[in-house]
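Peer 1: I have a structure here, written as structure tokens, and I will follow up with some questions on it.
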Ligand SMILES: Cc1cc2nc3c(=O)[nH]c(=O)nc-3n(C[C@H](O)[C@H](O)[C@H](O)COP(=O)(O)OP(=O)(O)OC[C@H]3O[C@@H](n4cnc5c(N)ncnc54)[C@H](O)[C@@H]3O)c2cc1C
């Protein structure tokens, strides 16, 4: 066994790259072992291709709708293989900076292959045994496949194979109305495919603020996506030219058909075949169990990213990978998930940070303050003819000031144009625990979409009217402020 390495990282996805690069920056001898291509799920089968496809679909949507701007573009047609080629171009461009040469140049030794633990400090890779003082497990996740009668006998796609399509489906069945299912459902509907989305949960986007979920459901339905919510998928069967799915919901049993079936029902952590349980690492239902320092139950072994089942996002994987590497070398950084935004890249996007209204009310009672602003009140949204959506901010109360105005931000939720960018104003404010009024005081350039952030926060300070427990409807009934002239939110 060679004992050459200070740290071995298993898995070359976002978490693994982040851990390995951090260790290299700390001047440690670091080995990265990856079975799949460097960049992992995000680059090859996840964030990157899905967003590239969403963008292509959005161009098609805008082109077909150009008359609204007085522009005539003639017939708009989709060259599906060309769209897919562009998606793969984008993957190549991004993967270029995550390749072996870049990592080796940064001081990381890269070994391709599958790693299996021999003991906490020894890994088997092919015929070699490699030693490292500490290990970070970053083996990620794969599509979770539900057990549905007949699914084994029909061809179906997941995010790992959908981007290999060369022929555009005429009808697509999407199982799962989560972020992955919705982004792809909308992309395909916009490219001209008929799309049915089936989900067992009755609530649409149950993790999102209910008001935001309602707005988005309306938008997606208006584009032609057919939702079957609260619907149990009973069985699937191969039929001429595709797949037939039998579902059961409150209205009874019925069949839906598609020439392709996409399964997007969640993720399963990659914990099998690693030998981690044999060395005593505790694995829970969600994945490898870690404490706030990303330590597993075995000394010297850490885990980061999707395999921990924390929050399945690239930015969380990167954060955890960095932290795990620091902690492996004696730092004591506790991970904080207090301010973790996420975005569903439908069009318009859905952006989320902090508590939803029901969560905030459960945690803080009626003292919470809430303001909403429809995008029809944001001039930029009107100018760009994209006025659908809503911004919502939830803050603590300010008991010392008799609940006048809003306190610190507990959560913010946006469905609307640029939501994934706008949310970061709230992210920064929450990160530094700023009083919400700061966002209203900060002068925003007119007519940017960001003025909407200033406007919605200003609504918490409608002079003399805000009282604890004031309802959103009261605020909505106050006049809509279009220009960035918020009432004075108090002394700085
Ligand atoms: C369609 C889709 C869209 C997404 N869009 C977004 C988005 O827009 N924004 C966002 O934040 N997140 C998004 N995600 C989630 C994001 O992709 C994941 O959170 C992220 O990739 C997790 O990174 P990771 O490093 O934990 O794991 P992975 O990227 O899965 O990497 C794990 C790596 O470990 C390797 N490996 C596994 N076992 C072994 C072993 N025994 N030995 C050696 N190597 C091994 C695998 O081959 C793989 O390369 C999306 C996911 C999907 C599926």
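Peer 1: When you scan the stretch 292-305, how many residues do you find that are within 27 Å of the chain's Cα centre (by Cα), away from the ligand (no atom under 16 Å from the Cβ) and closer than 15 Å to residue 276 by Cα?
Peer 2: Residues that pass the stated criteria total 1.
Peer 1: Which of the residues that make up the stretch 264-305 are at pLDDT below 95 and either assigned to a helix (DSSP H, G or I) or within 23 Å of residue 326 (Cβ to Cβ) (or both)?
Peer 2: none
Peer 1: Hey, another quick one. How many residues are more than 30 Å from residue 317 (Cα to Cα) and touching a residue at least 40 places away in the same chain (Cβ under 8 Å) if we restrict to the stretch 36-81?
Peer 2: Residues meeting the conditions: 7.
Peer 1: Would you pick out the residues in the stretch 306-319 that are touching a strand residue (DSSP E or B) at 6+ places or on another chain (Cβ under 8 Å) and under 20 Å from residue 276 (Cα atoms)?
Peer 2: Listed by number, the residues that qualify are 306, 307, 308, 309.
Peer 1: So, in the stretch 399-419, of the ones that are part of a loop (DSSP other than H, G, I, E, B) and touching a helix residue (DSSP H, G or I) at 6+ places or on another chain (Cβ under 9 Å), which residue ends up nearest to residue 430 (Cα to Cα)?
Peer 2: Restricting to residues being part of a loop (DSSP other than H, G, I, E, B) and touching a helix residue (DSSP H, G or I) at 6+ places or on another chain (Cβ under 9 Å), the top hit is 407.
Peer 1: Another question about this same structure. Considering only residues that are more than 16 Å from the ligand (Cβ to nearest atom) and either in a loop (DSSP other than H, G, I, E, B) or over 28 Å from residue 87 (Cα atoms) (or both), which ones fall in the stretch 182-212?
Peer 2: 192, 193, 200, 201, 202, 203, 204, 206, 209, 210, 211, 212
Peer 1: For the stretch 119-175, give me the residue count where each residue is in contact with a helix residue (DSSP H, G or I) (Cβ under 8 Å, 6 or more places away or on another chain), surrounded by 15 or more Cβ atoms within 10 Å (Cβ to Cβ) and part of a loop (DSSP other than H, G, I, E, B).
Peer 2: Of the residues in the stretch 119-175, 8 are in contact with a helix residue (DSSP H, G or I) (Cβ under 8 Å, 6 or more places away or on another chain), surrounded by 15 or more Cβ atoms within 10 Å (Cβ to Cβ) and part of a loop (DSSP other than H, G, I, E, B).
Peer 1: Do we have residue 236 as in contact with a helix residue (DSSP H, G or I) (Cβ under 6 Å, 6 or more places away or on another chain), more than 30 Å from residue 126 (Cα to Cα) and surrounded by 14 or more Cβ atoms within 10 Å (Cβ to Cβ) here?
Peer 2: yes
Peer 1: Take residues that are within 16 Å of the ligand (Cβ to nearest atom) and at pLDDT 95 or above and tell me which of the strands (runs of 3 or more DSSP E) falling wholly in the stretch 306-378 contain 2 or more.
Peer 2: Values: elements: 342-344, 349-354, 369-374.
Qualifying strands (runs of 3 or more DSSP E): 342-344, 349-354.
Peer 1: Quick one: which strands (runs of 3 or more DSSP E) sit completely within the stretch 1-118 and have at least 1 residues that are over 28 Å from the mean Cα position of the chain (by Cα) and away from the ligand (no atom under 16 Å from the Cβ)?
Peer 2: Result: 2-10.
The rows are residues; the columns are (1) at pLDDT 75 or above; (2) outside any helix (DSSP H, G or I).
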position: 423; (1), (2): yes, no
position: 438; (1), (2): yes, no
position: 446; (1), (2): yes, yes
position: 476; (1), (2): no, no
position: 484; (1), (2): no, yes
position: 487; (1), (2): no, yes
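Peer 1: Sticking with this one: Show the residue pairs that are 6+ apart or on different chains and have beta-carbon atoms under 9 Å apart, the first residue being within the stretch 185-208 and at positive phi, the second being modelled with pLDDT of 95 or more and part of a loop (DSSP other than H, G, I, E, B).
Peer 2: Sorted first by the residue in the stretch 185-208, then by its partner, the pairs are 192/77; 192/78; 192/168; 192/170; 205/177; 205/178.
The values are calculated or read from the model by the stated rules, or taken from the named source; none is laboratory data. Everything quoted here is computed from the prediction, not taken from an experiment. Note that each Cβ is placed from the backbone with ideal geometry, even for glycine, and that neighbours are counted across all protein chains shown.
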